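Reviewing the structure listed below.
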Amino acid sequence: MIRPFTLRLLIPLSLLVAFGLQLLRLWTAGLLYFMYETAGARPVDMLTVAIVVFGAAFLVGVVRRRLGPQALLIVGSGVAVIRMIEQISPSPALDMVLTSIGMILFLWFIVIAGNTLRAAQFEHHFPTALLLGISIDTALKGAAGTIDLSWLPGLLPIVIVAGLASLAVWLLRGLPRPAQIDDRQTSWLLIGVGPFLFLQLQVLQNIGFQAAVTGLPLPLAFELIILANAIGLLLASVVYDRMPPRAWTWTVIIGLLLIVVSLPLDGDPLAALELFAGQIVASIGLAILTQARGRARSSLVFGGTFVVMLTLLVGYYLSHIVELPLPYWMFVSLAALILAVAMILTVVRFPEPHPTDRVDWTAGFVGLGLMLLPVIALLTWRDPIATAGQFPVRVMSYNLHSGFDVQGRMDLEAIAQTIESEGAEVIALQEVSRGWVIDTSADMVTWLSQRLNLPYVWGPTADALWGNAILSRYPIAQVQLRPMPNNALIRPARGFIDATLDIGGQPLRVLVTHLHHVDMAGLLRAPQVQALLEAWAQQPYTIVLGDLNALPDSGEMQLLREAGLLDAFTSSGADSTGFTFRSDGLDRRIDYIYHSPDLIASNLNINPSQASDHVALAVTLSVK
């Protein structure tokens, strides 16, 4: 059932694919959170780095010819070594350098691996190596609670990365090394691999995304993804070289299924089934696509492939901050459409099939073996349970900066410790990501909920994966998610959570928001404040809190005070400046906790932690 030779071939290739995907996420986060926000780089500087890294893919032909038969070993070993060094690197600046070099090597590795397998007449293992590597990456990420191993402290992640890197390099030494490789046997239809990878990153392997849109517990979403991967691997092994000529019907069906999955799935009761089927048909689609043959240079085709993938990623996230011709979700649909068209065109030009004697099930069975990790995650999962309590209540507002500290590193443990140090029982969170690729695809709210043993409310705003959240030790009796009235005028879209908590029989109304962020845009924040006031409707025992992005003497903050809400900083008698931003150089107060007059604020504290670019604001509330 499992062929030892195939196993020795697939394991190093798939492990290096997994390392490459990890480096890609770390590199994108480094561009934003280190280069732009910490080092102060300009957008043009970030663009230059991206052009250098992805432009290097076009040089892979020169690199392969220079390195000769050792090219796969040298480049693959480079990916493994870079990933191992990055794991122990304490410096975000060094991480940026390492991930940039690692990305170049990874892009070269994909092309060289494909050419080497084709020259050695093992090309049917190329799609399964990619798919298995993607599944290994998801398995490692899911086992760590959706946090990339790079961000996890301690010895165990280092041992895991070092062990896998050593295994990959050791097995690479035994792979075929053809003396002659013709790199002019590539079809331009393989451009579709770029959209395929984008769909994997953004949707089909995104555990946080699937948990958010389906409502499934995180480990169950994790298990379904790995199972779909395994089934996809098995079917991809069958499809390769066994597809009848002009198999229009089922190829079109596969393409249509991909397009359906690419549409917004929020509120779709069949979302879990659609995503499960989507990964299976995407795997089949890759097997179809990689059978395309042509006479183009592989360096040009795959260079274009990687540029398409990057363009889709940039377009998706850029559309959240600037007006583009396409809304963010259409970049996902565009990727599915490109992949579907490439598949259909491959079928049209597909030569007569020449199947091997037997199907090689090795990749599929290894994929099934990965099911052990989500099974363990599911068996050890515990839903946090709310507890009864009474006033006084310790309340906190905390903008998490997507989990990145002021140095540009993700450190959710530091955020959890900051919350614990204040003894906070009700925590309003802003800038929370549940799977954005530029935030390394971490499901922050689920991780914090498990770490702190606190139930949560999720309030998506920009899309299904980014917004506000509430962690509460007390029962959550009622929740409404409300969009801001002027979302058509701003980027990203905003909203607020309207939740009622049960504090020992006494309701506490909690309105959590993150107002429009442009400094001089008070006219855009004013209608957002008005929406909050209309929702409040002068009801008793209410707090309004969050990152309001306005100074205390601004017109929008005056609206809150004139309506009768009290600023906890003032009402508690705090004697500090009250500055909440930026945590490594405090110079303004833009985070607030407002409360209705029937509550008493005391013991306000501004926590000095630099786990985010905002400090945490905490206060104790009692009933008059």
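The values are calculated or read from the model by the stated rules, or taken from the named source; none is laboratory data. Quick caveat, the model's predicted, so the values are computed rather than measured. Glycine also receives a Cβ, built like all others from the backbone with ideal geometry; neighbour counts cover every protein chain displayed. Accessible surface is based on the protein model in full, side chains and every heavy atom, while ligands, DNA and RNA are left aside. Shrake-Rupley method; radii C 1.70, N 1.55, O 1.52, S 1.80 Å.
Structure notes:
- Length added when fully stretched, Leu318-Gln407, from 0.36 nm per residue minus Cα-Cα: 29.8 nm
- Net charge dipole, the chain: roughly 2300 debye, given to the nearest 20, about the Cα centre with Cβ charges of +1 for Lys and Arg and -1 for Asp and Glu.
- Within-15-Å neighbourhood charge of Ser333 [Cβ basis; K, R +1; D, E -1]: -4
- Chain lengthening between Leu263 and Gln530 when straightened (0.36 nm per residue, less Cα-Cα): 92.9 nm
- Value at 222 nm in deg cm²/dmol, rounded to 500, when DSSP H runs of n ≥ 4 in the chain each add -39,500 (n - 2.57): -16000 deg cm²/dmol
- Computing FRET efficiency as 1/(1 + (r/R0)^6) for Gln558 and Gln390, where r is the C-beta to C-beta distance and R0 is 41 Å, gives about 0.75.
- Förster radius 25 Å - calculated FRET efficiency between Ile160 and Leu379, Cβ distance, rounded to 0.05: 0.75
- Separation in nanometres of the label points that stand 7 Å from Cα toward Cβ, at Arg293 and Val341: 2.5 nm
- Cα gyration tensor category, rounded, prolate or oblate, for region 1-155 with a/c compared to 1.5: oblate
- Those trypsin sites (Lys or Arg not before Pro) in region 359-439 that DSSP places in a loop and that have at most 16 other beta carbons within 10 Å: Arg382
- Rough spin-label spacing in nm, given labels placed 7 Å along Cα→Cβ, for Val623 and Asn453: 2.7 nm
- Simple spin-label estimate for Leu551 and Arg3 gives 7.1 nm between the two label positions (7 Å along the Cα-to-Cβ direction from each Cα).
- Put the Cα centre of region 426-491 next to the Cα centre of region 115-142 and the gap is 35 Å.
- Span from the region 566-624 Cα centroid across to the region 17-68 one, whole angstrom: 40 Å
- FRET efficiency for Met520 and Thr570, using Cβ-Cβ distance with R0 set to 22 Å, rounded to 0.05: 0.35
- Taking every protein chain into account, the accessible area of the chain amounts to 37 square angstrom per residue (probe 1.4 Å).
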